[in-house]
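First up is the structure itself, then whatever we jot down about it.
The values are calculated or read from the model by the stated rules, or taken from the named source; none is laboratory data. The structure presented is a predicted model; accordingly, all values stated were derived computationally and were not measured. FYI the Cβ positions are ideal-geometry reconstructions off the backbone, even for glycines, and counts take in every protein chain you see.
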Amino acid sequence: MSKFEVRKTAVIGAGNMGSGIAQKIATEGIPVILVDLDDEKVQRGLGIIRDLLQQGVERRLFRPEQVEAILGRIEGTSDWSRLSEVDLVVEAVFEDLEVKKQVFQRLGEHCRPDAILGTNTSSFYVRDVAAVTPHPERVVGLHYFYHPAKNRLVEVIGHEKTTDEAFQAAWAAQEAIGKTPIGSADAPGFVVNRYFVPWLTESVKLLETGVADIATIEWAAKKAFRIGMGPFELMNVTGVPIAMHAADTLGRELHSFYAPPETLRQQVASGELWNLDGEADSSKYEAVANHLLGTVFYVASQLVDEEVATVEDTDIGARVGLRWSLGPFQLINKVGTEKAQQMAQGVIESYGLPMPKLLAEAGPDGIPISLASLGQRGSLTSVWVDRPDAMNALNEEVVGQLVEVFSQARQQGRPIVLGGSGKAFIAGADIKFFVDNLRANTFPRIYQFTATGAKLLATLSGGDHAVVARAQGLALGGGAETALACDWIVASPKASFGFPETGIGIYPGLGGTQRLPRRVGLPIAKYLVYTGQILGAKQALEIGLCDQVVSFGELDGACERLASQGSAPERQAPSAPQAKAWQPVWDFFSTYSVDQILSGQADTQGNPVLEKAVKKMGSKSSVALRLAERLFNEGADLPLADALALELANLEEVFSSPDALEGLSSLIEGRRPAFVTT
Ligand SMILES: NC(=O)c1ccc[n+]([C@@H]2O[C@H](COP(=O)([O-])OP(=O)(O)OC[C@H]3O[C@@H](n4cnc5c(N)ncnc54)[C@H](O)[C@@H]3O)[C@@H](O)[C@H]2O)c1
């Protein structure tokens, strides 16, 4: 656990990667010094950033004033003495070991001894770069993916001298800048390139050995991995020589299996891109798909055997970094252990490579993939949801594993901190699960899922030891309800809370209509659930939705302090708003019913917040609004347990309304819902 905080950063090298990394850091609100060899190169880097942000304005991702603020946080310079102020440096200069060593020597001279120094090297050992600094223990690899302002993945690489503290500080810094970190040992190709590069080279080998032509391999690869670009197109886009150099490194360091095939060398020598033209031959699908899947199955299992990364991080790397819909181990589990073993065998046979232990010993149920993990953070037991690429959304598997992990955590007899990996705390539930079950007429599965979640949430507060929700990011729907079920909620300034359910035809069914009013008061709870309004951390604190807001670096300390107060006493709904500014909202929602508001009988007295609220309610499902209102009113006077039972008991009613299917499917289909108006 780290109390490390990134207040100021630097990026060395203002090229393609460096400028993108600096842009991302500044976009997340952290000042960054961008260093290059001379002012011209610095200006070039700043120009790349400006252009990209301008495109963002045109695409309405940013407002012009946001762009100004982002640019205002980036200081371009060639003066290294400015580096004495920074907490974190990311080096992204040419991929040349001597150049990198020179840079790290200079960093050693200019940076504070406690600054974290990261290298974005793709092919060198981090230990070799670290060796030239006076503090190698504070050096890590920070391997970003192109384009680093857009691709969330970063591999955090510890070498043999990196301290746990430095590794964790580097990790926390990546989360603070909105990245999804995965851990890697200091090994060739780290995690993702270790299987991605062979995926490219094996595609070339399929061409070379006449198994299929380029058009067929492209088509089959896209279909098997459910991706938009096949291996040859990807090489064309990212540079054919880069693939060859990466394969050369892996081949040299690991095994000839990884080395580039002759056809790839010839292609690089020709200076041409691959010609993608032609018709795919569908009869070759199996041969191509099985070979590429087998390649990934072998390499991914092998790197886990070597303890380069965990199963979970290997999968997250593929989903976040490469945008595959499933990671290698999910794919293994999908095709089945026996078939996966056969596919891998087909790839490694001719090289005489042994089957990795992980894959060889996998049972018929496949390879276990953990989505919730037990650990320790300072003096607290930690329970973490590890689905960062899905914003830690709850599904049957996550909830099932959380039940398991929580009971283990309770057995440790210490306070518990509940958190999520990556940018979000927990952003709701998998909507597709609801839609699939509604379409299949299997509501009992939805009920079972919700009831299991409700049972888990009921155990989170009032125990012998406190449970603290560590909301570092988005807490939406079921996520906000999970936080509310804990004894305490600590939020970072980037956290936000919202209950969007009535906008998708349902009501918050994990305590949103019962625990929320007991925290913030019935009228404000109604406002939040009826409008779906998302609150930032400051507003959440103002109304009592969370207990503390602290900076990112202070989160863990604040969780420990709150946990030391023991579990929270049962909350009683306040009879007045905690902050005066909320009085109009309070008065409005205590005066008017849903029907009065929807039929235009409610007087907003020209208050813009209330006018907006009324307008928003007009786009929600009236069925869901009325049901939520009934639960709010009927539950308010009941003991909490009875009130929660009431909420659960009405689930079938809300899910059986046509608004539920319409609202939930509209979200998946990315369109506005058309609710039945009554
Ligand atoms: N391009 C990718 O897709 C990718 C992906 C992951 C990692 N990487 C790694 O990122 C690093 C940078 O790659 P890039 O594609 O941005 O390269 P680039 O050539 O676009 O940029 C390198 C920049 O570093 C500057 N530079 C060189 N020596 C310097 C020094 N001594 N001090 C300050 N600045 C110096 C150069 O002037 C240039 O602006 C490499 O290590 C590369 O392996 C690249």
Is there a residue being farther than 19 Å from Asn395 by Cβ and either assigned by TED's automatic domain parsing to the domain that holds Asn395 or modelled with pLDDT of 95 or more (or both) anywhere in region 419-434? no
When restricted to Arg127, Arg112, Arg106, the only residue out of contact with any strand residue (DSSP E or B) (no Cβ under 8 Å at 6 or more places or on another chain), charged (D, E, K, R) and within 14 Å of the ligand (Cβ to nearest atom) is Arg106
Per the filter on region 84-123, residues out of contact with any Lys or Arg (no Cβ under 7 Å at 6 or more places or on another chain), within 18 Å of Gly15 (Cβ to Cβ) and of a type in the set (A, V, I, L, M, F, W, C) are Val89, Val90, Ala92, Phe94, Leu97, Val99, Val103, Phe104, Leu107
Checking the structure you have, find out if any residue of region 286-307 is outside any helix (DSSP H, G or I) and at pLDDT 95 or above. yes
Flagged pairs (Cβ under 7 angstrom, 6 or more apart or on separate chains; first in region 119-135, not assigned by TED's automatic domain parsing to the domain that holds Leu250; second within 10 Å of the ligand (Cβ to nearest atom) and modelled with pLDDT under 95) are Thr121/Glu95; Ser122/Glu95; Ser123/Glu95
For a quick check of your reading of the model, give me the residue pairs whose first member lies in region 62-90 and is at pLDDT 95 or above, whose second is loosely packed, with under 15 Cβ neighbours inside 10 Å and part of a strand (DSSP E or B), with beta-carbon atoms closer than 6 Å and at least 6 apart or on different chains. none
Among the residues in region 550-559, are any in a loop (DSSP other than H, G, I, E, B), without any contact (Cβ under 8 Å) to a residue 60 or more places away in the chain and in the same structural domain as Arg630 (by TED's automatic domain parsing)? no
Name the single residue, out of those in region 592-613 being of a type in the set (Ser, Thr, Tyr) and farther than 21 Å from Gly512 by Cα, that is surrounded by the fewest Cβ atoms within 10 Å (Cβ to Cβ). Ser599
Conditions first: (1) in a helix (DSSP H, G or I); (2) closer than 22 Å to Arg7 by Cβ; (3) within 13 Å of the ligand (Cβ to nearest atom). Leu34 passes all but one, so which condition is the exception? (1)
Say we look at region 82-103 and pick out the residues that are surrounded by fewer than 21 Cβ atoms within 10 Å (Cβ to Cβ) and within 19 Å of Val154 (Cβ to Cβ); which of these is farthest from the ligand (Cβ to nearest atom)? Asp87
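From the residues in region 134-147 that are within 15 Å of the ligand (Cβ to nearest atom) and at pLDDT 95 or above, which one is nearest to Ser84 (Cα to Cα)? If you could, list the steps in order and put the result at the bottom.
Looking only at region 134-147, we keep the residues that are within 15 Å of the ligand (Cβ to nearest atom), and these are 139-147.
Subset that is at pLDDT 95 or above: 139-145.
Values: Val139: 16, Val140: 19, Gly141: 21, Leu142: 20, His143: 23, Tyr144: 24, Phe145: 27 Å.
If we take residues in region 134-147 being within 15 Å of the ligand (Cβ to nearest atom) and at pLDDT 95 or above, then Val139 is nearest to Ser84 (Cα to Cα).
Would you tally the residues in region 1-25 being among the hydrophobic types (A, V, I, L, M, F, W, C), under 23 Å from Phe104 (Cα atoms) and away from the ligand (no atom under 16 Å from the Cβ)?
Total satisfying the criteria: 2.
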Breaking point among (1) surrounded by 18 or more Cβ atoms within 10 Å (Cβ to Cβ); (2) of a type in the set (Phe, Trp, Tyr); (3) more than 22 Å from Leu510 (Cα to Cα), for Trp384: (3)
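Residues are listed down the side, and each one gets a yes or a no for (1) out of contact with any strand residue (DSSP E or B) (no Cβ under 8 Å at 6 or more places or on another chain); (2) surrounded by fewer than 24 Cβ atoms within 10 Å (Cβ to Cβ):
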| position | (1), (2) |
| --- | --- |
| Pro136 | yes, yes |
| Ala185 | no, yes |
| Val197 | yes, no |
| Leu200 | yes, no |
| Ala221 | yes, no |
| Ile227 | yes, yes |
| Gly230 | yes, no |
For the condition touching a Leu at 6+ places or on another chain (Cβ under 7 Å) and surrounded by fewer than 17 Cβ atoms within 10 Å (Cβ to Cβ), what is the one hit in Lys339, Lys334? Lys334
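One line per residue, one yes/no per condition, for (1) in a helix (DSSP H, G or I); (2) crowded, with 18+ Cβ neighbours inside 10 Å:
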{"position": "Lys615", "(1), (2)": "yes, no"}
{"position": "Lys620", "(1), (2)": "no, yes"}
{"position": "Leu625", "(1), (2)": "yes, yes"}
{"position": "Arg630", "(1), (2)": "yes, no"}
{"position": "Asp637", "(1), (2)": "no, no"}
{"position": "Glu652", "(1), (2)": "yes, no"}
{"position": "Leu664", "(1), (2)": "yes, yes"}
Looking at Gln578, Gln565, Gln548, Gln583, can you tell me which residue is over 30 Å from the mean Cα position of the chain (by Cα) and under 30 Å from Gln168 (Cβ atoms)? Gln565
Do we have any residue at all in region 239-258 that's under 30 Å from Gly158 (Cα atoms), out of contact with any Asp or Glu (no Cβ under 9 Å at 6 or more places or on another chain), acidic (Asp, Glu) and crowded, with 21+ Cβ neighbours inside 10 Å? no
Looking at region 59-81, which of its residues are more than 11 Å from Val32 (Cα to Cα), charged (D, E, K, R) and either within 15 Å of the ligand (Cβ to nearest atom) or in a loop (DSSP other than H, G, I, E, B) (or both)? Arg59, Arg60, Arg63, Asp79
